């Protein structure tokens, strides 16, 4: 997901390894994925003046016989509005309701913030200046992990 304008977010979805068919991409009310799709709540529908469709319905992606599907979608939403919410890609399309069941062809995740390009240094300590990965290597060598 990339916010490309004040009220426009572009979503790049690539799927591999699922059964062929049409899959719906939706953002859900909550980010509770403890029980898979069924615990994420209904489709996110906070009102927007210029949108007639639920804000959480992003669109569809077609998965071919090879198990691969890819699509670019755009929605009139801001990234910060979605942080912490669940996102589901599924053949089940439940309209405004909740999922009744989980299945092997439903993908579930939580939308989280990511750093910009080259902005993810993972510095542990300003005194050592080591990254998280360098710090881990040192701890492994000491037998701590």
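The values are calculated or read from the model by the stated rules, or taken from the named source; none is laboratory data. All of these numbers come straight from a predicted model, not from anything done at the bench. Cβ placement follows ideal geometry from the backbone for every residue including glycine, while neighbour counts extend to all protein chains displayed.
Values for this structure:
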quantity	calculated
Pairs with Cβ under 7 Å, 6+ apart, first in the range 8-31 and free of Cβ contacts under 8 Å to residues at least 60 places away in the same chain, second part of a strand (DSSP E or B) and surrounded by fewer than 16 Cβ atoms within 10 Å (Cβ to Cβ)	14/70; 16/68
Qualifying residue in the range 11-28 (condition: within 16 Å of residue 81 (Cα to Cα) and surrounded by fewer than 16 Cβ atoms within 10 Å (Cβ to Cβ))	no
Breaking point among (1) modelled with pLDDT under 90; (2) under 15 Å from residue 107 (Cβ atoms), for residue 19	(1)
